[in-house]
Amino acid sequence: MNWIKKTLRFGEKIKRIIKKRASKEEIANSDWTSCCKGPILKKDLEDNLWVCPSCNKHHRISPRQRFDVIFGKNNYEVLKTPIPQDDPLNWSDSKSYKDRLKAARKKTGMNCGMMVINTNIHNVKITAIASDFDFVGGSIGAAEGEAFLYGIQHAIENEQPFVVFTSGGGMRMMESLISLSQMTRTTLAINELKKHNLPYIVVLTDPTAGGITASYAMLGDIHLAEPGALIAFAGARVIQGTVREELPEDFQKSEYVEKTGFVDLIVERKDLREKLGSLLSILLKKNSAINSSENETSEDSRTLTKAAS
């Protein structure tokens, strides 16, 4: 063996050692993460609401972190949602589905990929739900469908608006048609909410894709989105291969989706609380300016009626 081969083999050995030492778990448990300018302390990122101060990238966060940011710590009640049977199809690929669920629950501290809460914002009581991308990629299975329906039912029974924070890659393949049926179930649930004249607001976060985009993510009365969020159905490469055209550089980013009319407004994380509060006040006619305007309109109409008579 010549010296070149020996050097190459030695280099590969070093790479294997580095990879082994820097495992995903160790990286996840470290005090550091990375962004545009390299390493950044997680504490510094957290102090800035998990938004990079240099490039304004809105990093992915868990439901608890999101609720803490928007509604305030300890200012919400987590609702216990039904959990159907695990692994109804006895799915197994490189590892069993049951093992994947165990790992996801250990990693996130959640029983399923969605968390439902009862809270308030600007003195408006609401029901809210958020997905955790760390729970099997934020995909939707039977348990997540049950959580969504439970949240809608809670909103209807308590006459509250329903706010959903989307995240995930779509339906969960390990549950096949059981998973796909959640698209229909969530759509029907949203229709029931709207029959009761309760607002349904969607906040699109990174990433929102697949069957999530094709169902409850695009049925809101108002659609907000965080900056730079991926919002898509099929992947960009699939679309480009189908249409055989070059796609815009920002294709499927929230800014592009806003231009095409699928998003009403892009709101930075630090402004979401105020924006949601204002929108809910308007939709529920709890805004003082709206109430005074309505009173003036009704007085004017009464004056016109009297004059006509």
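Between residue 105 and residue 240, full extension at 0.36 nm per residue minus the direct alpha carbon distance yields a gain of 45.0 nm. The order of the peptides 156-163, 103-110, 80-87 by mean Cβ neighbours within 10 Å, most packed first, is 156-163, 103-110, 80-87. Of the residues 114, 227, 183, the one whose Cα sits farthest toward the positive end of the charge dipole of region 60-308, with +1 on the Cβ of Lys and Arg and -1 on the Cβ of Asp and Glu, is 114. Based on C-alpha pairs under 8 angstrom that are at least 6 apart in sequence, region 94-140 has a relative contact order of 36 percent.
Values in this text are rule-based calculations from the coordinates and carry no lab data. This is a predicted model, so every value here is computed, not measured. Cβ coordinates were reconstructed from backbone atoms using ideal geometry, including for glycine residues, and neighbour counts include every protein chain displayed.
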